[in-house]
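Since the structure comes first, as structure tokens, the remarks are kept for the end.
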Amino acid sequence: MATGHADPQRRERILAATLDHIADEGVAGVSHRRIAARAGVPLGSMTYHFSGIDELLREAFTRFADHIVAVFEHHLGGAETPEQVREAVTDLVHALSEGPRRDLVLVHEPYTLAALRPEYRELTQAGMRRSRLLLEQHFDPVTARQLDALIEGLTLHRSLDGEPHSRELTRLAVTRLTAGPS
């Protein structure tokens, strides 16, 4: 591992260590010292690369949002018909809820942070806008907004329930929301 000025990956390691730390201990445990130790970098690197904890958290959560958008794109990208899109959204809910615990924690920590500290609301709103824009490729804006909330809610419920609901129930909820008026 390179050190000093010849270490072009140091900033990346700090961001990755930040996300790992948050996944393990939550945002409340983030400090320059803990992240530097986890990343294997000198403590001074923290203030060299980031103006403070807020910048570090914003960049780390933005990086993770990029990952989640890629997951959305992966699932929705090939869907063309309404039925294919509904199936893709069902797959997305199950992939997110059955995926790594790390991702589940990192999806929800920004919401808690935004609820406690208003200056982080823009960060969470930007993430929500990005997922809704992908959904708006298939649905009107109102349906996309509701579907985005449904995806997050179903993902959270499935991941925390001792007996997660079935794929059929997910598909039914997605269909009811996206089929339009009866």
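Tyr120 fulfils the conditions (1) of a type in the set (Ser, Thr, Tyr); (2) open to solvent by 20 Å² or more (accessible area, probe 1.4 Å); (3) under 18 Å from the mean Cα position of the chain (by Cα) except for a single criterion, (2). Across the range 168-182, the number of residues qualifying as over 18 Å from Val85 (Cα atoms) and open to solvent by less than 50 Å² (accessible area, probe 1.4 Å) comes to 0. Checked against the criterion of being outside any helix (DSSP H, G or I) and open to solvent by 30 Å² or more (accessible area, probe 1.4 Å), the candidates His165, His157 yield just one match: His165.
Within the range 46-79, the set of residues being out of contact with any Phe, Trp or Tyr (no Cβ under 6 Å at 6 or more places or on another chain) and under 19 Å from Pro8 (Cβ atoms) comprises Met46, Thr47, Tyr48, His49, Phe50, Glu59, Ala60, Arg63. Quick check, is Ala23 under 22 Å from the mean Cα position of the chain (by Cα) and open to solvent by less than 10 Å² (accessible area, probe 1.4 Å)? Against the criterion (under 22 Å from the mean Cα position of the chain (by Cα) and open to solvent by less than 10 Å² (accessible area, probe 1.4 Å)), Ala23 qualifies. Taking the range 83-117 as the range and being open to solvent by less than 30 Å² (accessible area, probe 1.4 Å) and among the β-branched types (Val, Ile, Thr) as the test, the residues that pass are Val85, Val89, Thr90, Val93. Pro42 passes every criterion in (1) in contact with a helix residue (DSSP H, G or I) (Cβ under 8 Å, 6 or more places away or on another chain); (2) open to solvent by 40 Å² or more (accessible area, probe 1.4 Å); (3) part of a helix (DSSP H, G or I) apart from (3).
Looking across the range 138-154, the residues that are open to solvent by less than 60 Å² (accessible area, probe 1.4 Å) and either under 15 Å from Leu96 (Cβ atoms) or in contact with a Gly (Cβ under 6 Å, 6 or more places away or on another chain) (or both) come down to Leu147, Asp148, Leu150, Ile151, Glu152, Gly153, Leu154.
The values are calculated or read from the model by the stated rules, or taken from the named source; none is laboratory data. What you see is a predicted model; the values in this text were computed from it and never measured. As a convention, Cβ positions derive from the backbone with ideal geometry for all residues, glycine included, and neighbour counts pool all protein chains shown. Each accessible area value is taken on the protein alone, full model and side chains, heavy atoms only, with ligands, DNA and RNA left out. Shrake-Rupley method; radii C 1.70, N 1.55, O 1.52, S 1.80 Å.
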